[in-house]
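Inspection log for the structure reproduced underneath, given as structure tokens.
The values are calculated or read from the model by the stated rules, or taken from the named source; none is laboratory data. Keep in mind that what you see is a predicted model, and the values were worked out from it rather than measured. With ideal geometry, Cβ positions are generated from the backbone for all residues, glycine too; neighbour counts draw on all protein chains shown. Each accessible area value is taken on the protein alone, full model and side chains, heavy atoms only, with ligands, DNA and RNA left out. Shrake-Rupley method; radii C 1.70, N 1.55, O 1.52, S 1.80 Å.
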Amino acid sequence: MTTTYPPEPFRIKTVESIRLPSPKEREAALKTAGYNVFTLKAEDIFIDLLTDSGTGAMSSEQWAAIMRGDESYAGARSFHRLKAAVDDIFGFKYFVPTHQGRAAENILSACLVKENQWVPSNMHFDTTDANIRARGGRPANLVIDEAFDPANLHPFKGNMDLAKLKAFIAKYGREKIPFGMITVTNNAGGGQPVSMENLKAVAEIYRASGIPFYIDAARYAENCFFIRQRERGYEHKSPIEIAREMFSLADGFCMSAKKDAIVNIGGLLATNDEALFNNIRNELILREGFPTYGGLAGRDLDALAVGLYEGLDEAYLVYRLGQTAYLAACINDAGIPTIQPAGGHAVYVVANEILPHIPNYEFPAQSLTVELYREGAIRGCEIGSVMFACLDPETNTWNYPKLELMRLAIPRRMYTQTHMDYVADALAKIKSRAKNLRGYKFTYAPEMLRHFTAQFEPL
Ligand code: F0G
């Protein structure tokens with residue numbers, strides 16, 4: 001194997017015990033959970049790769065900042081420390097904190113989306129998709145075709161297809177498109193980055209059509225570092241310089257701070273539009289809290305202000321992207337396909353290629369996710385037909401996603417090389433008995449965001 005594991009640019013000060021349950025305990029836990037790993041108890045999990053969201057390890061500087069938290073209801077010092085960081089990195093005229101990313105999406109959708117309007121993006125994440133639909137709008141995913149070819153080595157597989165975007169705008173017109181988005185990195189498409197060149201072109205297309213442009217910035221720092229590694233002209237720029245250039249292209253952004261700001265809770269919503277900001281504030285007060293805390297405690301704002309800079313630290317990003325690439329390489333060495341190249345925050349195992357005998361309506365990625373827990377008490381996440389298959393309201397037929405994936409999302413600064421090796425070994429063992437695995441069927445499925453609470457039965 002050519003990929004080496006980068007030494008962590010930190011040392012460990014506090015540890016948290018984890019326990020490997022016995023095979024019998026795992027089987028019982030699966031049954032009780034209705035074969036949905038979201039319903040498992042965390043204490044029954046050895047390595048938790050369900051998500052990189054809010055699960056990272058905070059630094060000693062962040063914990064120290066937490067002690068400085070100012071819990072004043074309005075105008076807290078904590079807010080002003082956060083404001084200094086947000087202004088410095090993102091440079092928008094107005095912003096509010098929110099309790100997490102989907103709260104920002106909800107407020108933006110509430111303020112801008114009307115019945116039967118469309119919001120294009122490279123790919124919307126599931127909560128963004130659902131928040132647009134919840135207001136009667138329709139999300140559209142216009143990522144380049146290379147995104148759907150797991151083996152394609154395109155360096156910026158998160159890019160928007162510019163021709164598709166232009167055709168989309170020509171078809172629906174400005175009145176039907178209240179705003180346009182792009183997700184960096186593209187989580188729903190394998191954690192793949194968007195190039196600065198593509199971001200500039202997208203911004204120009206939206207601007208020429210008078211459509212406001214918002215970035216879903218959950219993993220913007222990882223995206224910035226991919227730009228530095230892969231895009232000519234950025235080799236010598238620091239991540240923060242690349243970030244400033246990225247956000248100067250947009251009219252605003254929403255962000256789940258639980259990813260690249262390395263906090264356990266928090267989000268941001270920013271805009272340059274004063275009239276919109278007034279509506280955002282009113283909506284925020286209704287649902288989240290006063291504009292200087294937005295559903296968070298003062299201490300959360302302080303942890304976020306520090307975490308924003310730590311997430312942009314170069315040594316950290318070398319380690320972060322290196323760790324993900326290492327896990328992908330170990331899994332590939334075992335003959336198991338993953339989306340290429342490795343994404344920023346997660347490795348996406350192509351479940352339908354390991355389990356070609358399980359059709360999409362029997363959820364191959366769900367089957368693999370259950371089996372990974374059974375094998376090693378490791379929790380991954382289905383990103384396939386359980387999460388994304390949806391009923392088209394116009395044709396009343398089911399649309400299935402192009403890929404059936406199991407995502408192994410790596411919490412920031414939490415697991416070591418040995419943990420990564422353990423995960424790859426478990427997958428190698430599953431591969432040797434893959435043909436014996438069976439699909440699953442729903443015994444309960446809610447209408448929206450069904451992966452969180454669905455219950456299953458093995459077939
Ligand atoms: N946008 C992207 C790209 C995301 O990945 C997420 C969350 C959100 C928005 C919503 O943010 O959770 O703070 O409300 N992704 C998590 C994940 C849940 O596991 O990928 P949130």
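Considering each residue of the stretch 149-201, count those that are acidic (D, E) and within 13 Å of I227 (Cβ to Cβ), and give that number.
Going through the stretch 149-201 one residue at a time, the tally reaches 1.
From D87, D52, which residue is open to solvent by 30 Å² or more (accessible area, probe 1.4 Å) and either assigned to a helix (DSSP H, G or I) or within 12 Å of the ligand (Cβ to nearest atom) (or both)?
Residue meeting the stated conditions: D87.
List every residue pair whose Cβ atoms sit under 6 Å apart, with the two residues 6 or more apart in sequence or on different chains, where the first one lies in the stretch 227-245 and is assigned to a loop (DSSP other than H, G, I, E, B) and the second, anywhere, is surrounded by 18 or more Cβ atoms within 10 Å (Cβ to Cβ) and hydroxyl-bearing (S, T, Y).
That search, which allows pairs on different chains as well, returns E231/S195.
Among the residues in the stretch 344-359, are any out of contact with any Gly (no Cβ under 6 Å at 6 or more places or on another chain), among the aliphatic types (A, V, I, L, M), in contact (Cβ under 8 Å) with a residue 24 or more places away in the chain and within 16 Å of the ligand (Cβ to nearest atom)?
yes
Any residue at all in the stretch 164-184 that's within 15 Å of the ligand (Cβ to nearest atom), in a helix (DSSP H, G or I), over 17 Å from T271 (Cα atoms) and open to solvent by 10 Å² or more (accessible area, probe 1.4 Å)?
Checked the stretch 164-184: no residue is within 15 Å of the ligand (Cβ to nearest atom), in a helix (DSSP H, G or I), over 17 Å from T271 (Cα atoms) and open to solvent by 10 Å² or more (accessible area, probe 1.4 Å).
Need at least 1 residues that are more than 30 Å from G137 (Cα to Cα) and touching a helix residue (DSSP H, G or I) at 6+ places or on another chain (Cβ under 8 Å) per element, so show me which helices (runs of 4 or more DSSP H) inside the stretch 329-407 make the cut, counting only ones lying wholly within it.
Answer list for the stretch 329-407: 351-354, 364-376.
Against the conditions (1) open to solvent by less than 20 Å² (accessible area, probe 1.4 Å); (2) farther than 20 Å from A409 by Cβ; (3) touching a Leu at 6+ places or on another chain (Cβ under 9 Å); (4) within 15 Å of the ligand (Cβ to nearest atom), where does G295 fall short? Just the number, please.
The single condition G295 does not satisfy is (1).
Hey, does the stretch 22-38 have a residue that's in contact (Cβ under 8 Å) with a residue 12 or more places away in the chain, under 22 Å from the mean Cα position of the chain (by Cα) and open to solvent by 30 Å² or more (accessible area, probe 1.4 Å)?
yes
Please verify whether the stretch 211-219 includes one or more residues that are away from the ligand (no atom under 16 Å from the Cβ), out of contact with any Cys (no Cβ under 7 Å at 6 or more places or on another chain) and of a type in the set (D, E, K, R).
no
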